[in-house]
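Here the structure is laid out as structure tokens; the discussion comes afterwards.
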Amino acid sequence: MTHIDSATAGPVSGAVRGDGLDARLVVERGSFRLDVALTAAPGDVVALLGPNGAGKTTALRALAGLTPLTGGHLRLDGDSLDRTPPESRPVGVVFQDYLLFPHLSALDNVAFGPRCQGASKADARAQAAQWLDRMGLADHAGARPRRLSGGQAQRVALARALATRPRLLLLDEPLAALDARTRLDVRAQLRRHLTEFEAVAVLVTHDPLDAMVLADRLVVIEHGRIVQEGAPSDIARHPRTDYIAQLVGLNLYKGRAEGHAVRLDAGPAITTTEDLTGPAFVAFPPGAVTLYRDRPTGSSARNLWRCEVAGLETHGDQIRADLTGELPLAADLTTVAAAELDLQPGATVWATVKAAQTHAYPA
């Protein structure tokens, strides 16, 4: 279980009080405290990101009413849901393992929600048939869950959640159970359905690609608190914690800027093209690092550090070297380059990074 924070949160762009989601989720359990502010306008898709134990799932359960708040508030379209039981909330949930009823057909799984809202059996099934058709599953209406593929089951679960016409849609790791090939296809389909959804959607995921593709806004949670939030492109370009930097694949350091150099809190200075003064972050991708076995003499790079190879691992179609020494960093290189350098744990290398490949910004 996990937790969240709101003290540093700002309102989602476009949100209007009384229209959409306005929440401060406070949940206290033992020594853990989740305190997160979430605001979203109808049509917004917000992704909650964070390491295990950060508070993401706790936040989602609090929104659904499955975990009671110990403080704060929860309003949806101006109505307080603080004391509203889960079954009475205008909220749809897609769980990680979908939780489809195994004894019901896809059609009757989707019809379950409208039936619970008072629709006749015929009306509920008619609505369900329309949703399955929108999901491209009309031919599978009579199939039970065990006969469906992972991608088909995910779409049935989404149709079941949407058939109740919720004002808040919650998605808990909706693509986690899918294999890589299916995930790619279903992610694109899910993005299309979320684009058409007219209310608020909140997505919990560990996968940065899911978050970047599906969400309009990211909210990053660590230790029960919001550490950064904003548009995916802004967060990818300006990470503010090590977790976020690793998530988006950047080396990240913090120090004090003096002109075109950032003097690190613990370590050397890094030369940048930006001209800043005061506390600053500086980041660069592992692919910007060039490695040499001997100290280079002809390199034009302004940044040069003596390092030691701490470890090597395959990273996509490249080798990622974990380096320690003057500046701990990650470097990406091809398998051919790694072989030519005879890289192995314990080897001494020189790492260079051009100033133009760094990015500095105020802390």
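Checking Pro362 against (1) of a type outside the set (A, V, I, L, M, F, W, C); (2) within 21 Å of Thr241 (Cα to Cα); (3) surrounded by 18 or more Cβ atoms within 10 Å (Cβ to Cβ): exactly one of these is not met. Which one?
All conditions are met except number (3).
Is it true that Ala111 is at pLDDT 95 or above and touching a His at 6+ places or on another chain (Cβ under 8 Å)?
It is false that Ala111 is at pLDDT 95 or above and touching a His at 6+ places or on another chain (Cβ under 8 Å).
List, please: which pairs have Cβ atoms under 6 Å, are six or more places apart or on different chains, and start with a residue in the stretch 126-149 that is among the basic types (Lys, Arg) and end with one that is in a loop (DSSP other than H, G, I, E, B)?
Qualifying pairs under 6 Å: Arg144/Ser105.
Could you check, for the stretch 331-341, whether at least one of its residues is loosely packed, with under 13 Cβ neighbours inside 10 Å, at pLDDT below 95 and at positive phi?
Kept after step one, since they are loosely packed, with under 13 Cβ neighbours inside 10 Å, are these residues of the stretch 331-341: 334-336, 339-340.
If we keep only those that are at pLDDT below 95 as well, we get 334-336, 339-340.
So of that shortlist, the ones also at positive phi come out as none.
Checked the stretch 331-341: no residue is loosely packed, with under 13 Cβ neighbours inside 10 Å, at pLDDT below 95 and at positive phi.
This table checks each residue for (1) touching a helix residue (DSSP H, G or I) at 6+ places or on another chain (Cβ under 8 Å); (2) assigned to a helix (DSSP H, G or I).
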position	(1), (2)
Gly118	no, no
Asp123	yes, yes
Ala126	no, yes
Ala129	yes, yes
Gly151	yes, yes
Leu170	yes, no
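Return the residues of the stretch 215-233 that are among the small types (Gly, Ala, Ser) and outside any loop (DSSP other than H, G, I, E, B); say none if nothing qualifies. Spell out the reasoning first.
Looking only at the stretch 215-233, we keep the residues that are among the small types (Gly, Ala, Ser), and these are 215, 224, 230-231, 233.
Selection gives Gly230, Ser233.
Quick grid of which residues meet (1) at pLDDT below 95; (2) more than 28 Å from Arg134 (Cβ to Cβ); (3) surrounded by 24 or more Cβ atoms within 10 Å (Cβ to Cβ); (4) polar (S, T, N, Q):
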position	(1), (2), (3), (4)
His193	yes, no, no, no
Glu196	yes, no, no, no
Val202	no, no, yes, no
Met212	yes, no, no, no
Asp216	yes, no, no, no
Gly224	no, yes, yes, no
Val227	no, yes, no, no
Arg237	yes, yes, no, no
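Wholly within the stretch 275-363, which strands (runs of 3 or more DSSP E) include no fewer than the required count, namely at least 3 residues that are of a type outside the set (Val, Ile, Thr) and touching an Asp or Glu at 6+ places or on another chain (Cβ under 8 Å)? Steps first, please.
Working: elements: 290-292, 303-315, 318-325, 329-333, 348-353, 359-362.
Passing ranges, in order: 303-315, 318-325, 359-362.
Could you grab me the full set of residues in the stretch 258-272 that are more than 30 Å from the chain's Cα centre (by Cα), surrounded by 13 or more Cβ atoms within 10 Å (Cβ to Cβ) and in a strand (DSSP E or B)?
Result: Glu258, His260, Ala261, Arg263, Ala269, Thr271.
Would you mind stating whether Leu252 is assigned to a strand (DSSP E or B) and within 29 Å of Asp342 (Cα to Cα)?
Numbers: assigned to a strand (DSSP E or B): yes; within 29 Å of Asp342 (Cα to Cα): yes.
Yes: the conditions hold for Leu252.
Take Leu178 and tell me if it is touching a Leu at 6+ places or on another chain (Cβ under 6 Å) and either in a strand (DSSP E or B) or of a type in the set (A, V, I, L, M) (or both). Walk me through it before giving the result.
On the way: touching a Leu at 6+ places or on another chain (Cβ under 6 Å): no; either in a strand (DSSP E or B) or of a type in the set (A, V, I, L, M) (or both): yes.
Taking the combined requirement at face value, the residue does not satisfy it.
Check the stretch 240-247 and report whether any residue there is crowded, with 16+ Cβ neighbours inside 10 Å and under 19 Å from Gln357 (Cβ atoms).
Yes, that holds for at least one residue.
Look through the stretch 62-102, keep the residues that are in contact (Cβ under 8 Å) with a residue 40 or more places away in the chain and of a type in the set (D, E, K, R), and return whichever of them is surrounded by the most Cβ atoms within 10 Å (Cβ to Cβ).
Filtering first and then ranking leaves Arg89.
The values are calculated or read from the model by the stated rules, or taken from the named source; none is laboratory data. Just so you know, these numbers come straight off a predicted model, no measurement behind them. In this analysis, Cβ positions are derived from the backbone assuming ideal geometry, glycine residues included, and neighbour counts consider all displayed protein chains.
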